Amino acid sequence: MSIRTAESIFDAMIAGIVAGQMRPGEPLVEQALAEQFGVSRTPVREALHRLEQANLAERGPRRAFFVRQMKAEDLAELFEAAGEVESVLAALAAHRMSEIERLTLMAILEEGDACGEDPKAYGEINTRFHETIKSGAHNAILAATLDDLNLRTTAWRAANFRENQRRLATSRAEHRAIAEAILARDADESRRRMCSHVAASYVVAADLLARRDL
């Protein structure tokens, strides 16, 4: 099995689900998807399992997969949990980041400013920005908890930049405020800024969900 193929199928299905092109309750049939993507059923099966882990698909009768109905309150609780965990990590990073990690964070911030209006490029930079803060907190338990939550929020966060071009500008400004607080070793401000940043991502995601379900 090609992991890259499974990942590309996973990404394509996520985009379709978040955009509303694949509706809640729609069956996800291995053979049909394999034909659609021109691959064997093995990478499709792997992609479907990852969708289930991301809470975007679930199993029905006879263990068949179908698109999961995401309710507004489910999304709110998910982002609330992610925001609380990630804000604690940001506060810890303010005190625990090494000088190399701090310089790395600033370099990623500059990349984000320089990548223009390309949502895919910025999405990748955004992931590295958050990963650097998470690793800089040096708490493996909290990091693992965030990894689990990120598995279920990443699709919605990525859609922020793809579906709402204005979000790139606001996200850049929020990243800079977070980085400045961390570099100033201000744990309280780092925590507040990160919590606000995740909340802003939720607002965009909630709007996407509402429009998808119209």
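The values are calculated or read from the model by the stated rules, or taken from the named source; none is laboratory data. Quantities reported herein were computed from a predicted structural model and do not represent experimental measurements. Methodologically, a virtual Cβ is constructed for each residue, glycine included, from the backbone with ideal geometry; neighbour enumeration extends over all protein chains shown. The area values use the complete protein model at the heavy-atom level, side chains included, leaving out ligands, DNA and RNA. Shrake-Rupley method; radii C 1.70, N 1.55, O 1.52, S 1.80 Å.
Based on alpha-carbon centroids, what's the gap between the range 54-114 and the range 118-132 in Å, whole number please?
Measuring centre to centre over Cα atoms gives 12 Å.
Could you work out, for the range 29-100, what percent of all Cα-Cα pairs fall into each 10 Å distance bin, beginning at 0 Å and stopping at the bin that holds the largest distance?
17, 30, 21, 21, 11, 1
Kindly report the accessible area of the chain per residue (heavy atoms of protein chains, probe 1.4 Å, no ligands, DNA or RNA), in Å².
On the way: 10750 Å² over 214 residues.
That works out to 50 Å² per residue.
ARG191: net charge of surrounding residues, Cβ under 11 Å, Lys/Arg +1, Asp/Glu -1, itself excluded?
-3
Can you pull the percent of the chain's accessible area that's carbon plus sulfur, 1.4 Å probe, other chains left in place?
53
Between the DSSP loop rule and a limit of at most 16 other Cβ atoms within 10 Å, which trypsin sites (Lys or Arg not before Pro) in the range 1-89 are left?
Those satisfying the criteria are LYS71.
In the range 100-162, how does Rg compare with the Kirkwood Rh, expressed as the Rg/Rh ratio over alpha carbon atoms? Could the numbers behind the result be given before it?
Values: Rg = 12.5 Å, Rh = 12.5 Å.
Computed over Cα atoms, the ratio is 1.00.
What percent do you get for the relative contact order of the chain when only Cα pairs under 8 Å and 6+ apart count?
On the way: 259 pairs, mean separation 57.7, N = 214.
Reported relative contact order: 27 percent.
Measuring from label point to label point, each 7 Å out along Cα→Cβ, what is the SER40 to ARG96 span in nm?
4.2
For the chain, just run the numbers: alpha carbon Rg, then divide by 2.2 N^0.38 Å, N being how many residues it has.
1.07
Suppose the Debye formula is applied to equal point scatterers at every Cα of the range 1-120; what is log10 I(q)/I(0) at q = 0.14, 0.15, 0.22, 0.23 Å⁻¹?
Per q value, in the given order, log10 I(q)/I(0) is -0.82, -0.88, -1.15, -1.20.
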